[in-house]
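First the structure, in the form of structure tokens, and then the observations on it.
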Amino acid sequence: MTRRAFVIGHPIAHSRSPMLHSYWLARHGIDATYERRDVTPPELGDFIAEFRAAGFIGCNVTVPHKTAIIAHLDRLDAEAEAIGAVNTLWWEGCQLVGGNTDVPGFLANLDERAPGWDRPGALAVVLGAGGAARAAIVALCQRGVRVGVANRTRAGAAALAKRFGAGVADHAWAELPALLEGADLLVNATSLGMNGQPPLDLDLAPLPAHGVVHDVVYTPLETRLLAAAAARGLRAVDGLGMLLHQAAPAFARWFATTPEVTAELRAMLTRDIQGRVLATTPR
Ligand code: NDP
């Protein structure tokens with residue numbers, strides 16, 4: 001029987017997950033489908049009931065369900081527990097498990113694009129206190145990297161420092177110039193720089209020459225922050241790699257096959273992102 005996997009969210013039309021997973025299904029000759037399903041918050045419980053009854057193989061979860069879905073699951077993996085948000089569902093025996101693959105996705109992207117970024121004693125500066133920032137911080141803590149976090153709303157950064165403990169300190173936005181002087185990695189995990197949002201205007205001059213700049217935003221692919229980093233000769237890592245690498249462990253859970261993040265797949269997604277940007281840019 002054809003196995004079925006889904007991505008659920010509301011709205012969901014923008015999701016690139018079907019493109020990604022369909023590519024891997026075709027490449028590995030797996031008899032399965034990966035479908036988009038628009039699920040509104042009141043419909044979430046019914047969807048999970050249908051998922052359990054039908055024995056669907058797996059699911060990705062996006063906004064606005066990443067936290068609300070926890071109440072419907074049997075168990076969380078360590079990353080989802082730490083972050084308090086789920087982006088992938090899979091079965092372990094008859095238990096429906098929620099995990100968060102943004103953590104391995106974040107690490108695999110940096111490992112691929114900026115090898116050596118996590119040298120012993122490294123300090124990362126994370127901007128933001130939402131879901132992406134929490135995934136980044138959990139990932140950085142797994143590698144033993146110290147974290148300084150700053151957020152528009154200081155209380156958000158302070159809450160993360162409290163939640164994640166000794167290796168994570170919160171800072172005021174005004175402290176960034178001094179903080180960047182000692183940073184090995186800067187991560188933008190705010191939505192600043194995303195299409196339709198204001199750009200992130202930050203002077204990168206204080207960063208040391210070996211500093212890596214990573215923007216989790218991937219629409220557009222080259223944000224103003226990344227362009228500024230490249231202009232300064234710093235290693236600049238875009239957010240598309242994180243999107244690709246968070247999908248791979250989900251696919252592996254469902255189909256017992258670890259898919260490859262190929263240059264062809266990256267090029268396909270790049271064309272899609274650039275095409276949609278052009279389509280929405282006023283002439
Ligand atoms: P959230 O809504 O959870 O968090 C948004 C963050 O951005 C908050 O820290 C918020 O600060 C900050 N922010 C928003 N607007 C402004 C502003 N005008 N000035 C300063 N700070 C601002 O979003 P997510 O964490 O889920 O997503 C953030 C970005 O990461 C999005 O662009 C998303 O597409 C991207 N992303 C990329 C992934 C990938 O795979 N590459 C994975 C997940 C997300 P405040 O607390 O003050 O509101």
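Just so you know, all these numbers are worked out from the coordinates, no wet-lab data involved. Small disclaimer: the values here were computed from a predicted structure and weren't measured. Cβ sites come from the backbone with ideal geometry, for glycine too, and all protein chains shown count toward neighbours.
Brief remarks on what is shown
- For the stretch 1-88, the alpha-carbon coordinates run over 34, 26, 25 Å along the three principal axes, in decreasing order.
- Helix axis angle, 240-255 relative to the chain longest principal axis, alpha carbon, degrees: 30 degrees
- Rounded to whole Hz, the Karplus (6.51, -1.76, 1.60) HN-Hα couplings of the stretch 219-234, x for glycine and proline: 10, x, 5, 9, 6, 4, 4, 5, 5, 5, 5, 4, 4, 8, x, 8
- Spread of Cα-to-Cα distances over 5 Å intervals beginning at zero, given as percent, for the chain: 1, 5, 12, 16, 18, 16, 13, 10, 5, 2, 1, 0
- Inter-label distance, nm, simple model (7 Å from Cα along the C-beta direction), residue 181/residue 153: 3.2 nm
- Peptides 75-83, 126-134 ordered by packing proxy, namely the average of other Cβ atoms within 10 Å per residue, highest first: 126-134, 75-83.
- Evaluated with a Cβ-only charge set (Lys, Arg +1; Asp, Glu -1), the stretch 149-283 carries a dipole of roughly 340 debye about its Cα centre, given to the nearest 20.
- Ascending count of other beta-carbon atoms within 10 Å, so fewest first, for 173, 90: 173, 90
- For the chain, the relative contact order works out to 14 percent when only alpha carbon pairs closer than 8 Å and six or more residues apart are counted.
- With the simple model of a label 7 Å out from the Cα in the direction of the Cβ, residue 227 to residue 163 spans 3.3 nm.
- Translational diffusion of the stretch 89-208 was estimated from the Stokes-Einstein equation, with Rh taken as the Kirkwood radius over Cα pairs; at 25 °C and 0.890 mPa s the coefficient is 162 µm²/s.
- Among 12, 96, 212 - extreme Cα towards positive end, dipole of the chain, charges at beta-carbon: 12
- Nearest-20 debye value, the stretch 204-282 charge dipole, Cβ charges on Lys, Arg, Asp, Glu: 120 debye
- Angle in degrees between helix 154-164 and the longest Cα principal axis of the chain, rounded to the nearest 10: 70 degrees
- Rounded to the nearest 5, the antiparallel percentage of DSSP beta bridges internal to the chain is 20%.
- Relative contact order of the stretch 65-125, defined on C-alpha pairs under 8 angstrom at six or more residues apart (%): 27 percent
- Of the residues 69, 194, 164, the one whose Cα sits farthest toward the positive end of the charge dipole of the chain, with +1 on the Cβ of Lys and Arg and -1 on the Cβ of Asp and Glu, is 194.
- Both numbers refer to the Cα atoms of the stretch 117-186; Rg and Dmax are 10.7, 30 Å.
- Put a plus charge on the Cβ of each Lys and Arg, a minus charge on the Cβ of each Asp and Glu, and nothing anywhere else: the dipole of the chain about its Cα centre is then about 220 debye.
- Computed helical MRE - 222 nm, the chain, DSSP H runs ≥ 4 contributing -39500 (n - 2.57), nearest 500: -12000 deg cm²/dmol
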